[in-house]
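Student: Below you'll find the structure I mean.
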Amino acid sequence: MRIVVIGHGMVGSRFAQDAAARVPGAHVTVLGREDTAPYNRVLLSSVVAGKQDADGIALVGPDVEGVDVHQGVSAVEIDRSRRLVTASDGSVHRYDRLVLATGSAARIPQIQHVANPDGLVHGVSVLKDLADARGILEALPKARRAVVLGAGVLGLEVATGLAARGLAVTLVHHADRLMERQLGSSASQVAVDSLARLGMTVVTQSSVVRVMERRGHVSGVELANGSEILTDLLVMCAGTIPETALARRAGLPCERGVVVGEDLASPADPAVFAIGDCAQPPEGGTGLVAQGWDQARRLVDAWAGAGAAPRDDAAGTDRTNVVRVKASGLEVVTMGLSGKFEHGDRLLRAVRISDPAVGRFVEVVVHEGRLVGATVVGDKITATELQALYTRGLPVPTDPAHLIVRPIAGAAPAVRSAKDMQDDDTVCQCNTVSKGRINDAIADGCGSVEDVSRATRACTGCGDCRSLVKEMLATAASGTKVPALAGTGEA
Ligand SMILES: Cc1cc2nc3c(=O)[nH]c(=O)nc-3n(C[C@H](O)[C@H](O)[C@H](O)COP(=O)(O)OP(=O)(O)OC[C@H]3O[C@@H](n4cnc5c(N)ncnc54)[C@H](O)[C@@H]3O)c2cc1C
């Protein structure tokens, strides 16, 4: 089976490896526009913040034969009647099945003078790929001030990262509160106060309307209210738009993304599929990598003859929808129901504490004895506890207030170390890798985090679990296997 994959990003690269490894008789060709090996895009804001080296975010995976990668080559045309894809280097690729994994593009808001015929004005950037991150890093030595447009997750990560590098940062946001899709007003206000303590200026209910430049470089911006801010950098974090141009030209139905059914095939062509950020499945696209990886897994399962695999969220509550801001000096985590949500006809119990003086806000939402939502600002321990309860769907105390008070009082068993975890506890939330599986990989000879990633894919998402895997490796190297908690049956 000749499979052509367009896009060699986080989802396309994983799909190509898995299809070549598991689909009988598959030969996989990948066309990837970026001139680099696939990398962990999620960590680009950590690169800008200086917490991660640009060369250190390559995506490691299993070594697989049967994948033919054309790096730095774009697909320019799809001829569906002849099942051919033409690439920018003139090569033509025949397919039996075509998988679109073209991701998304950064949205560039309507701003006067933001670009000239050569592209964005110098000092103005988005953060979508490694080239953008490198461009921002190059500009840093001469920059003292920055304006970040957009206070969604990415905007907060970029703003706090630049502030941690010593720049005077102004964060400009169109809505009346930060991360308005995830946070309510009180939680947002606590986050705003925390940003102010980090030395940042936050301007809400406004936007940048004009870029001012001096000698070809940005020198300031004008806001909608007429005020002007001097700046050496403008980073636009105003959302993303699924990359659908190629699919539209090929006559495939597209709305916000490339429309696909439950089986991830286009309704107009059973030989064409779309996965990742470019796809618009029936439940809607989330723009999060977990959804794309789940789609890649389901497509490979179906083609490998394992039958139609259910979605990760098919059982009802989607327990992967955890949003964590990877920010320097600001802890914001939301999961499930958060911000302004509808109660519907469910009997939900919501309990919250808000303590702006110390920069803490916690809200938990409980339904039928399970945690179905939480918002945490400024409290890492509580966030870790709640995330473990939420993703594993564990029963919670009858009085939801205990969920907030116990971790704060230090009474809950904090999951901060691998030795506090049971064998079936999930260490890597992004790839659903359990402690037991990592211990098995270490026992099979994996001696470094990279080895463990190659064998299990742990640590290839947000990277939060890296310290736990390091701890397990160190414990194994010292001769003692990281034990499971009592009661799991493990010696
Ligand atoms: C800075 C940043 C931080 C993020 N943080 C998080 C996070 O914390 N958690 C989370 O879940 N998600 C996060 N995301 C989103 C996450 O990165 C995406 O969900 C994920 O990358 C989607 O994978 P994809 O393969 O669909 O698209 P991408 O990774 O964007 O890859 C698409 C690839 O296709 C290529 N391409 C496009 N058109 C063509 C063509 N015609 N021919 C050939 N190649 C083409 C593109 O150049 C690109 O390399 C973040 C994104 C960014 C930019």
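The values are calculated or read from the model by the stated rules, or taken from the named source; none is laboratory data. These numbers were taken from a predicted model, which means no experiment stands behind them. Positions of Cβ are backbone-derived with ideal geometry, glycine not excepted, and every protein chain shown enters the neighbour counts.
Student: Take residues that are aliphatic (A, V, I, L, M) and tell me which of the strands (runs of 3 or more DSSP E) falling wholly in segment 91-151 contain 2 or more.
Tutor: 97-100, 104-106, 124-126, 145-149
Student: Pairs, please: C-beta under 9 Å, at least 6 apart or cross-chain, first residue farther than 15 Å from Gly9 by Cα and in segment 56-68, second in a loop (DSSP other than H, G, I, E, B) and at pLDDT 85 or above?
Tutor: Close Cβ pairs (under 9 Å, with a partner that is in a loop (DSSP other than H, G, I, E, B) and at pLDDT 85 or above) amount to Pro62/Arg457; Gly66/Ala26.
Student: Kindly indicate which of Gly61, Gly66 is surrounded by fewer than 19 Cβ atoms within 10 Å (Cβ to Cβ), assigned by TED's automatic domain parsing to the domain that holds Gly25, out of contact with any His (no Cβ under 7 Å at 6 or more places or on another chain) and of a type in the set (Gly, Ala, Ser).
Tutor: Residue meeting the stated conditions: Gly61.
Residues checked against (1) among the hydrophobic types (A, V, I, L, M, F, W, C); (2) crowded, with 24+ Cβ neighbours inside 10 Å; (3) out of contact with any Leu (no Cβ under 7 Å at 6 or more places or on another chain):
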| residue | (1), (2), (3) |
| --- | --- |
| Pro141 | no, no, yes |
| Val148 | yes, yes, no |
| Gly155 | no, yes, no |
| Ala159 | yes, yes, no |
| Ala163 | yes, no, no |
| Ala168 | yes, no, yes |
| Val172 | yes, yes, no |
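Student: Restricting segment 22-50 to residues that are within 13 Å of the ligand (Cβ to nearest atom) and in a loop (DSSP other than H, G, I, E, B), which is nearest to Gly166 (Cα to Cα)?
Tutor: Asn40
Student: Inside segment 153-189, can you point out the residues that are of a type in the set (Asp, Glu) and either within 16 Å of the ligand (Cβ to nearest atom) or touching a helix residue (DSSP H, G or I) at 6+ places or on another chain (Cβ under 6 Å) (or both)?
Tutor: Matches in segment 153-189: Glu157 only.
Student: Also, quick follow-up: Six or more apart or on different chains, Cβ atoms under 8 Å: show the pairs whose first residue is in segment 449-467 and more than 11 Å from Cys428 (Cβ to Cβ) and whose second is within 16 Å of the ligand (Cβ to nearest atom) and modelled with pLDDT under 85.
Tutor: Glu450/Val60; Arg454/Val60; Arg454/Gly61
Student: Within segment 241-260, how many residues turn out to be within 18 Å of Gln295 (Cβ to Cβ), under 20 Å from the mean Cα position of the chain (by Cα) and surrounded by fewer than 19 Cβ atoms within 10 Å (Cβ to Cβ)?
Tutor: Within segment 241-260, residues that are within 18 Å of Gln295 (Cβ to Cβ), under 20 Å from the mean Cα position of the chain (by Cα) and surrounded by fewer than 19 Cβ atoms within 10 Å (Cβ to Cβ) number 1.
Student: Residue check, Arg215 against (1) farther than 19 Å from Ala106 by Cβ; (2) at pLDDT 95 or above, all met but one. Which one?
Tutor: (2)
Student: Pairs under 6 Å by beta carbon, first residue closer than 14 Å to Ala151 by Cβ in segment 182-198, partner polar (S, T, N, Q), six or more apart or different chains?
Tutor: Final answer for the pair search is Gln182/Thr334; Gln182/Ser338; Ala187/Thr375.
Student: Next up: Would it be correct to say that Val121 is of a type in the set (A, V, I, L, M, F, W, C), crowded, with 20+ Cβ neighbours inside 10 Å and either more than 11 Å from the ligand (Cβ to nearest atom) or on the phi > 0 side of the Ramachandran plot (or both)?
Tutor: The answer is yes for Val121.
Student: Among the candidates Gln280, Gln295, single out the residue that is closer than 20 Å to Ala26 by Cβ, surrounded by 15 or more Cβ atoms within 10 Å (Cβ to Cβ), at pLDDT 90 or above and within 13 Å of the ligand (Cβ to nearest atom).
Tutor: Working: Gln280 fails: closer than 20 Å to Ala26 by Cβ.
It is Gln295.
Student: Here is a further query. Quick one: how many residues across segment 152-185 are among the β-branched types (Val, Ile, Thr) and in a helix (DSSP H, G or I)?
Tutor: 3
Student: Something else: Is there a residue in segment 126-135 that is out of contact with any helix residue (DSSP H, G or I) (no Cβ under 9 Å at 6 or more places or on another chain) and either in the same structural domain as Leu59 (by TED's automatic domain parsing) or farther than 19 Å from Glu331 by Cβ (or both)? Don't jump to the end; show me each part of the working.
Tutor: Of the residues in segment 126-135, the ones out of contact with any helix residue (DSSP H, G or I) (no Cβ under 9 Å at 6 or more places or on another chain) are 131, 135.
So of that shortlist, the ones also either in the same structural domain as Leu59 (by TED's automatic domain parsing) or farther than 19 Å from Glu331 by Cβ (or both) come out as 131, 135.
Looking for residues that are out of contact with any helix residue (DSSP H, G or I) (no Cβ under 9 Å at 6 or more places or on another chain) and either in the same structural domain as Leu59 (by TED's automatic domain parsing) or farther than 19 Å from Glu331 by Cβ (or both), one finds at least one in segment 126-135, hence yes.
Student: Looking at Val202, Val192, Val218, Val235, which is the one that is in a strand (DSSP E or B), more than 16 Å from the ligand (Cβ to nearest atom) and within 26 Å of Gly287 (Cα to Cα)? Steps first, answer last, please.
Tutor: Details: Val192 fails: in a strand (DSSP E or B); Val218 fails: within 26 Å of Gly287 (Cα to Cα); Val235 fails: more than 16 Å from the ligand (Cβ to nearest atom).
Answer to the check: Val202.
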